[in-house]
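The values are calculated or read from the model by the stated rules, or taken from the named source; none is laboratory data. Please read these numbers as outputs of a predicted model, since none were measured by experiment. For neighbour counting, all protein chains shown are included, and Cβ atoms are generated from backbone atoms with ideal geometry for every residue, glycine included.
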Amino acid sequence: MRQHVTVCYCLPVLVLFGCALSAATVSAADLLVEAESFQQPGGWVLDTQFIEQMGSPYLLAHGLGRPVKDATTEVEFPAPGTYHVYVRTLDWVARWNAPGAPGKFRLQVGNKLLPTVFGTKGAQWHWHYGGTVRIEQKRVKLALRDLTGFDGRCDCIYFTQEKSTPPNELEALRRWRFAKLGLHRTEQLGPYDLVVVGGGYAGLGTAISAARMGCRVALIQNRPVLGGNGSSEVRVWAQGRIRRGRFPRIGEIVEEFADRATHSPGEAEEFEDAKKEAIVRAEPNIDLFLEHHADRVITRGNRIVAVEAFYVRTGQRKRFAGKLFADCTGHGTIGYLAGADWDMTTKGRMGESNMWIWGEADHEVPFPETPWALDLDMGDFPYPRNYRGEWFWESGFNKNPFTELEAIRDWNLRAVFGAFNAMKNRQGREKHRRAYLRWVAFIAGPRESRRLLGDVVLTREDIVNKRQFPDGCVPSTWSIDLHYPKKQYAKKYPDNPFISVARHDRRVDRNYGYPIPYRCFYSRNIENLFMAGRCISVTHEALGTVRVMKTCGMMGEVVGKAAAVCLEQNCSPREVYTKHWSKLERLLRLPGKARRARLGQPFTIPKNVPEANPYGPVTGLDPRKLPGVVIDDRQAQRRGHWTPGEGVRPYVAYGYLYASADSGAEIRFRSPVRPGRYEIRLAYGAHPNRGTRVPVHITAPGVERRVLVNMRRKPPLPPTFVSLGIVEVQTPGTLEVVVGTHQAGGIVHADAVLLLPVAGAP
């Protein structure tokens, strides 16, 4: 069968290399220096987000308005002489004809600071000519000197004794770089049982799960840290509930590596990058490749043979041969390169966020004027509460998430800096004299791009109608949460609004969850390709519930176990469902810490595994720690429409129910009882909209009582109960407490009933 290669024209050529060709082939000496390979980056940071668009990783001077420390390196020129200097860069706000060129920087060669200021022209990446420099010694120190702290960027520097501008068209530039840097050797790795591309929550769940099943795994991540949106680089706290539903063991691995952040954005340390990496490196079956960017897929027919990636610091290429592959990139990149069927919402997608944090010093802190940023006044954006610009600083709803990706990120930066300029130098000047920017994400937090298509494409209708698939396995507990531009803030910049609003369809069971089918987790036309995370097989609307990180991590746990079934049964991901579903079910019931060294070996299961519960870990008051007998709302019989809630705390177990007055709804709490005296307590949460005369009917052998409860008053018995009185049961039977809505005078809150034996009872 003919082997063919699908190539994404990223330009993986990042090393520092000097070349002096013989006079027989060329008369001039030259030297190409990739900024990404600088030995000391100083305050410059490595940006790998836009390789597909501009051709390379690059260094970014992300100083939040304060010039960053020089990036430096030592190079060896092929020969002394006079060299023309070219720097590949751009004026990053020129695409909008914005004044000011914020990304200014200069280049120092040896002891000479070149007079040219780079980053001052060109709306697109190009070669900015910097004049000539005389080289006397072959070994020379180079330095990138940031002048503003406002995101100047440098791709590479080219020295040549002939004044000749290098090519800039991406494919021609790729070939030219390969020739200059000698990047011809590709290291062969594997074969692996499973190659996972993407190190966010989905990739982590996939790699760890498969490794513990006995698979040999390669985990490839193009950033220096793991976690994706849930890392210190992006700082989105992990949402979605775990360990519940049909397979309540799923989520135990996620629980091991998930962050404990209390805000979004939070502090860097809250996202525990080191913990995530340590957990992965502790798995003997995982080979971890941080800062490796996958840009090429080799296929044979409708199967993937290998994925190629390069180390973003040196350009060294690696080929990862494998039996199975998992696309956990979020963008569906591996599937796209392999020719997988995919879909993408063209307009009205959810956008990308670059969140930010500001603080206050004990002295006045200046902030430069930003004429190149968005021209904002204090009324053009929501005031950043709790010193944070949160998730809703989002744009790119109608922009192409690939061809316009860098522009979306840069627009977000213009919005943030424009807002802070309004706080510091406009209407907010007096209030914010001591304010300063503490952190602005330069790595964007994406929500939606490509979705790879599987045998099931999950829809909103499937979810809200609770359509049951026989292979439903990952509980999605987030509401159908879709983001749109917020109209009141979109007036000034209607072409690309930068503040969003979330619209929630809450018809998702937040406790038990909606079970996403396994058939959403593999490609329908690439035989050995799994996917987990944002790029699974769902519609735009269904993505609104499945996209949160802990849910994505659970998808990975399922994919890792399914990969083990594929390998043991020599079958495809599709055949796991059609022929071997019972085998996968058995693995899904194993604890997350169950492991074996190799496929086919018996599992070792530690003794201290968490309890499996279809409703997951208790999120409220643990009924087991309350005195007496607790009947929770989950155990009660309902009539009419009741809505689940969690907003009023404290509550018992997993939440509560509420219903409108005079709706005809009622809820019946039942428990067997023996003869004796019992105090009956009702749990509810007080709120100004609750009923003032909620009817409660109590019956038991020899007992009948009616009580009215004012649920606007705080429950008098801690932590959340009111006493309905003491009853004496004459004979064995059933006690019932029925909470109704007739003439309740407001919303009726139903949480739990507690039966407390009274001392001295027979």
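Only residues that are polar (S, T, N, Q) and surrounded by 24 or more Cβ atoms within 10 Å (Cβ to Cβ): list them for the stretch 737-756, please.
Thr741
Could you list, in sequence order, all residues of the stretch 480-504 that are surrounded by fewer than 20 Cβ atoms within 10 Å (Cβ to Cβ) and assigned to a strand (DSSP E or B)?
Matches in the stretch 480-504: Asp481, Tyr484, Val501, Ala502, Arg503, His504.
If I ask for residues that are of a type in the set (A, V, I, L, M, F, W, C) and either within 16 Å of Phe38 (Cα to Cα) or in contact with a Leu (Cβ under 8 Å, 6 or more places away or on another chain) (or both), which ones from the stretch 174-193 would you list?
Pass one, the stretch 174-193, residues of a type in the set (A, V, I, L, M, F, W, C): 176, 178-179, 181, 183, 189.
Leu181 - this is the single residue of the stretch 174-193 that is of a type in the set (A, V, I, L, M, F, W, C) and either within 16 Å of Phe38 (Cα to Cα) or in contact with a Leu (Cβ under 8 Å, 6 or more places away or on another chain) (or both).
For the stretch 259-272, how many residues are outside any loop (DSSP other than H, G, I, E, B) and surrounded by fewer than 19 Cβ atoms within 10 Å (Cβ to Cβ)?
Total meeting the criteria: 3.
State all residues of the stretch 107-128 that are among the charged types (D, E, K, R) and crowded, with 17+ Cβ neighbours inside 10 Å; if no residue qualifies, say none.
The answer is none; no residue qualifies.
Report yes if some residue within the stretch 450-466 is hydrophobic (A, V, I, L, M, F, W, C), in a helix (DSSP H, G or I) and free of Cβ contacts under 8 Å to residues at least 12 places away in the same chain; otherwise report no.
The answer is no; no qualifying residue exists.
Of (1) touching a residue at least 12 places away in the same chain (Cβ under 8 Å); (2) surrounded by fewer than 21 Cβ atoms within 10 Å (Cβ to Cβ), Val280 satisfies all except one. Which?
(2)
Listed residues Pro366, Pro384; which is farther than 17 Å from Ala444 by Cβ, under 25 Å from the mean Cα position of the chain (by Cα) and in the same structural domain as Phe442 (by TED's automatic domain parsing)?
Values: Pro366 fails: under 25 Å from the mean Cα position of the chain (by Cα).
Result: Pro384 is the single residue among Pro366, Pro384 that is farther than 17 Å from Ala444 by Cβ, under 25 Å from the mean Cα position of the chain (by Cα) and in the same structural domain as Phe442 (by TED's automatic domain parsing).
Across the stretch 43-88, what is the number of residues that are more than 28 Å from Pro446 (Cβ to Cβ) and of a type outside the set (Ser, Thr, Tyr)?
Of the residues in the stretch 43-88, 14 are more than 28 Å from Pro446 (Cβ to Cβ) and of a type outside the set (Ser, Thr, Tyr).
Does Pro606 count as more than 18 Å from Gly725 (Cα to Cα) and not assigned by TED's automatic domain parsing to the domain that holds Phe721?
Answer is yes for this residue.
Run down Gly691, Gly685, Gly676, Gly647 and say which single residue is among the small types (Gly, Ala, Ser) and on the phi > 0 side of the Ramachandran plot.
Only one candidate qualifies: Gly676.
Do we have any residue at all in the stretch 704-719 that's touching a helix residue (DSSP H, G or I) at 6+ places or on another chain (Cβ under 7 Å), within 30 Å of Arg506 (Cα to Cα) and not in a strand (DSSP E or B)?
Scanning the stretch 704-719 turns up no residue that is touching a helix residue (DSSP H, G or I) at 6+ places or on another chain (Cβ under 7 Å), within 30 Å of Arg506 (Cα to Cα) and not in a strand (DSSP E or B).
Of the conditions (1) under 40 Å from the mean Cα position of the chain (by Cα); (2) more than 22 Å from Gln637 (Cβ to Cβ), Ser723 clears all except one; give me its number.
(1)
Which condition does Gly103 not pass, out of (1) in contact (Cβ under 8 Å) with a residue 40 or more places away in the chain; (2) not in a loop (DSSP other than H, G, I, E, B), if it passes all the others?
(2)
Quick one: what pairs do we get from the stretch 489-513, first residue more than 30 Å from Pro248 (Cα to Cα), second part of a strand (DSSP E or B) and polar (S, T, N, Q), C-beta under 6 Å, 6+ apart or different chains?
Short answer, once both residue conditions are applied: Asn496/Ser395; Phe498/Ser395.
Looking at Arg319, Arg246, Arg313, Arg296, which is the one that is part of a strand (DSSP E or B), of a type in the set (Lys, Arg), touching a residue at least 12 places away in the same chain (Cβ under 8 Å) and surrounded by fewer than 20 Cβ atoms within 10 Å (Cβ to Cβ)?
Arg319 is the lone residue from the list that is part of a strand (DSSP E or B), of a type in the set (Lys, Arg), touching a residue at least 12 places away in the same chain (Cβ under 8 Å) and surrounded by fewer than 20 Cβ atoms within 10 Å (Cβ to Cβ).
Out of everything in the stretch 548-592 that is among the β-branched types (Val, Ile, Thr) and part of a helix (DSSP H, G or I), what residue ends up being nearest to Gly203 (Cα to Cα)?
Here the answer is Val559.
Only one of these is over 19 Å from Glu36 (Cβ atoms), more than 32 Å from the chain's Cα centre (by Cα), of a type in the set (Asp, Glu) and assigned by TED's automatic domain parsing to the domain that holds Thr48: Glu136, Glu171. Name it. So that I can check it myself, show each step before the final result.
Details: Glu171 fails: more than 32 Å from the chain's Cα centre (by Cα).
Answer to the selection: Glu136.
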